[in-house]
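Worksheet for the structure shown next.
The values are calculated or read from the model by the stated rules, or taken from the named source; none is laboratory data. Because the structure is a prediction, the values reported are computed rather than measured. Cβ: placed from backbone, ideal geometry, glycine included. Neighbour counts: every protein chain shown. Heads up: the accessible areas ignore ligands, DNA and RNA and are worked out on the full protein's heavy atoms, side chains in. Shrake-Rupley method; radii C 1.70, N 1.55, O 1.52, S 1.80 Å.
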Amino acid sequence: MMKGAEAIAEGAIHAGCRFYFGYPITPQNDIPEYLSRELPKVGGTFLQAESEVASINMLLGASAAGARVMTSSSGPGISLKQEGISYLAGSELPGVIAYVSRIGPGLGGIAATQGDYKQVTAGGGHGDYYTIALAPSSVQEMFSLTKLAFDLSDKYRNPAIVLADAILGQMKEPVEIGERPALEDIEMPEKPWALTGAEGRDAQLVKSLFLGDGEMEVQNWKLYDKYEKLKKEDTYYEELQLEDARLMIVSFGSCSRMVLSGIEMARAEGLKVGLLRPISIYPFPEEAVRKASEAINKVLVIEMNTGQMVKDVKVSVDRAADVHFYGRPGGGLPTPDDILAEIKKVY
Amino acid sequence: MAYVKINKDRCKGCGLCIQNCKLALLVIVEDELNVLGYHPVGFVDGEGECKGCKFCAETCPDCAIEVYK
Amino acid sequence: MTTEAKDKPKKVYGRPESLKDVGFHFCPGCNHGNVHKMVAEAIDEFGVREKTIGVAGVGCGVFLYNYIDIDVLEAPHGRACAEATGVSRVHPDHVVFTYQGDGDLAAIGIAETIHAANRGEHITVLFVNNTVYGMTGGQMAPTTLLGQKTTTSPYGREFMGEGYPIKMAEMLATLEGTAFVARVACNTPKNIMAAKRAIKKAFKMQIDKMGFTFVEILSACPTNWGMDAVTANKRVEEEMIPYFPLGILKERTTADYL
């Protein structure tokens with residue numbers, strides 16, 4: 001049994017992350033608390049910074065120095081980290097950001113929400129870039145997707161976010177994680193670009209400033225090509241009971257668990273409803289949603305927000321089916337009964 | 001005997017070396033233009049007075065002066 | 001104009017090895033060039049070029065990597081001390097320094113600076129104070145002197161509303177985490193020699209794991225001050241130094257963790 005937030009932290013350790021820089025904010029404090037206990041045991045460094053801005057920049061420094069490194073935060077803190085996230089993308093540096101959402105805007109509150117989908121999938125900071133974004137729906141996935149986030153982040157040299165919420169963060173579930181591997185047994189890519197001191201090689205530079213004529217455009221297209229490759233090779237999703245479905249629900253994260261209960265109730269009444277759950281929300285499983293929607297003429301998007309994912313679904317469906325929406329923002333939770341009622345309305 | 005070598009194409013004619021040469025052996029060469037478009041500094045030491053004190057080179061922000069002694 | 005002597009005089013002053021053989025982009029009379037030279041000289045003196053990582057702040061100093069032949073990380077505006085913390089934690093045996101201007105370090109990055117100093121990070125911070133935002137075009141800086149006209153204090157800085165010029169060296173010297181704090185200037189050969197000594201001392205103390213070292217370098221910005229280089233250096237002497245006094249403000253003799 002493990003708490004979701006701790007599964008993220010343990011996932012990072014299993015991925016070979018030995019550096020964590022963070023700043024307290026509810027509801028993600030279990031992550032820094034766990035790592036402040038556990039990282040020293042594996043020879044790692046835990047540092048509570050003076051702010052979210054400082055912590056993401058420490059992450060940037062450690063990443064440029066070649067290490068696997070993580071930070072974590074929630075809404076207001078992630079807003080502050082957007083500066084560094086943009087610079088990570090601009091400097092083509094990896095780095096994992098664990099995001100346990102809270103309701104907003106502003107201080108909002110600490111209840112669970114999916115109101116940060118837009119921020120996470122649209123880049124978030126300034127400039128023409130995206131972050132890799134994975135949305136777990138179980139404690140097991142909090143663990144495994146954190147590991148995957150490190151791999152993808154290194155593979156694409158781009159920041160990766162694991163987007164969870166307070167439900168997933170606080171939830172306890174059985175997980176299979178195995179023994180902590182020794183650092184030398186963890187498969188990690190070489191980082192010949194890292195700043196390690198110019199010993200036996202030419203001096204290296206990590207930067208995001210491109211002032212030369214046309215230089216930035218070249219860089220922007222380079223980033224674009226990476227995101228295209230990411231879409232092709234690393235889009236993740238799960239399909240459940242879609243084979244015979246007349247109605248497809250698209251839902252992610254903790255919300256998809258409640259949707260599953262709703263689908264079960266609907267199936268018991270003979271309604272053919274299935275689920276497509278994006279696991280990577282950037283890249284969004286456009287192709288899968290489009291294909292699935294071809295055989296189904298109705299799509300229902302269910303989220304714990306005011307419909308932030310609807311646009312992605314609509315673009316993917318490309319008018320092949322009607323897209324409906326049901327959502328509960330501001331900490332409201334869609335109950336299976338609500339979901340069943342909504343299914344019946346749309347079906 | 002000491003002397004200085006000026007990399008004229010690095011000189012921006014700021015005059016700090018001139019100010020700091022106690023023996024007034026450095027001058028702006030008004031009828032010369034370097035690749036940067038500045039009148040560079042020249043070393044005029046007909047009587048071999050330069051002591052190689054390095055003040056000119058130390059103060060040169062562009063690292064355009066070498067000192068030999 | 002030069003004459004080769006028969007006994008082949010030796011070069012007694014030239015470009016430090018770690019300073020790439022390219023011209024600076026700096027304006028005529030700008031002291032950034034002097035500071036770059038001093039940093040390269042310190043790196044050469046301790047033979048640490050291959051284990052030094054520089055962190056460039058945003059401003060005229062951002063092109064550090066074009067000039068000094070070492071690994072360099074470019075930091076977002078003001079965050080260099082946070083970046084340096086990350087780098088130094090990953091490579092504790094390397095020499096890590098930041099190169100920052102007054103807008104970068106004393107305005108937007110003051111929190112990162114103070115906390116890195118307070119944690120006693122094993123880094124060296126070189127702070128070029130020329131009382132003005134140079135690269136963005138001469139706006140008011142936290143260190144702009146009272147009465148000084150800039151593009152955003154066109155009537156001269158007034159303490160009512162704009163506050164006083166910040167004395168970073170004094171402020172950081174009060175923190176337990178700092179091992180070495182000095183303020184130097186580049187306006188005369190004598191001050192340049194003292195500046196060199198201070199920068200070397202700061203690097204040496206970092207190499208000896210003594211903790212956070214900080215050197216504030218008073219510097220002229222003739223372009224944004226609207227004066228020639230010689231007059232600008234005079235201004236450093238007559239206006240800056242009286243407000244920002246030179247000297248070593250703090251020097252530990254044992255490491256902070258001993």
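Among all positions in the range A:100-115, there is no residue which is among the polar types (S, T, N, Q), within 14 Å of chain C (Cβ to nearest Cβ) and open to solvent by less than 10 Å² (accessible area, probe 1.4 Å). Screening the candidates C:ALA232, C:ALA194 for the property of being in a helix (DSSP H, G or I), out of contact with any strand residue (DSSP E or B) (no Cβ under 9 Å at 6 or more places or on another chain) and in contact (Cβ under 8 Å) with a residue 12 or more places away in the chain yields one hit, C:ALA232.
Candidates A:GLY125, A:GLY115, A:GLY106: the one that is over 30 Å from A:LYS191 (Cα atoms) and free of Cβ contacts under 8 Å to residues at least 60 places away in the same chain is A:GLY106. Within the range A:201-242, the residues that satisfy the criterion of being more than 14 Å from every other protein chain (Cβ to nearest Cβ), farther than 22 Å from A:ALA135 by Cα and outside any helix (DSSP H, G or I) are A:ASP213, A:GLY214.
When the range A:157-200 is filtered for residues that are part of a loop (DSSP other than H, G, I, E, B), within 30 Å of A:GLN219 (Cβ to Cβ) and of a type in the set (Val, Ile, Thr), only A:THR196 remains.
Of all residues in the range A:65-76, at least one satisfies being out of contact with any strand residue (DSSP E or B) (no Cβ under 6 Å at 6 or more places or on another chain), surrounded by fewer than 19 Cβ atoms within 10 Å (Cβ to Cβ), within 27 Å of A:PRO334 (Cβ to Cβ) and more than 12 Å from every other protein chain (Cβ to nearest Cβ).
One line per residue, one yes/no per condition, for (1) in contact with a Pro (Cβ under 6 Å, 6 or more places away or on another chain); (2) surrounded by 13 or more Cβ atoms within 10 Å (Cβ to Cβ):
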residue: A:ASP213; (1), (2): no, no
residue: A:GLU217; (1), (2): no, no
residue: A:TRP221; (1), (2): no, no
residue: A:LEU230; (1), (2): yes, yes
residue: A:ASP244; (1), (2): no, no
residue: A:PHE252; (1), (2): yes, yes
residue: A:LEU260; (1), (2): no, yes
residue: A:GLU264; (1), (2): no, yes
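A single entry from A:ALA62, A:ALA67, A:ALA12 fulfils the requirement of being assigned by TED's automatic domain parsing to the domain that holds A:GLN82, closer than 22 Å to A:ALA164 by Cα and among the small types (Gly, Ala, Ser): A:ALA12.
Would you confirm, using the coordinates I've provided, whether A:GLU50 is in the same structural domain as A:TYR129 (by TED's automatic domain parsing), in a loop (DSSP other than H, G, I, E, B) and of a type in the set (Asp, Glu)? Against the criterion (in the same structural domain as A:TYR129 (by TED's automatic domain parsing), in a loop (DSSP other than H, G, I, E, B) and of a type in the set (Asp, Glu)), A:GLU50 qualifies. Quick check, is C:LEU146 in contact with a Gly (Cβ under 8 Å, 6 or more places away or on another chain), modelled with pLDDT of 95 or more and assigned to a loop (DSSP other than H, G, I, E, B)? Taking the combined requirement at face value, the residue satisfies it.
Okay, residues lined up against (1) open to solvent by less than 10 Å² (accessible area, probe 1.4 Å); (2) more than 16 Å from A:PHE21 (Cα to Cα); (3) in contact with a Gly (Cβ under 6 Å, 6 or more places away or on another chain):
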| position | (1), (2), (3) |
| --- | --- |
| C:ARG89 | no, no, no |
| C:ASP93 | no, yes, no |
| C:GLY101 | no, yes, yes |
| C:ASP104 | yes, yes, yes |
| C:HIS115 | no, no, no |
| C:ASN118 | no, yes, yes |
| C:ILE123 | yes, yes, no |
| C:TYR133 | no, yes, yes |
| C:GLY138 | yes, yes, no |
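Scanning the range A:178-200 for residues that are closer than 18 Å to C:LYS51 by Cβ and either more than 14 Å from chain C (Cβ to nearest Cβ) or among the basic types (Lys, Arg) (or both) yields a count of 1.
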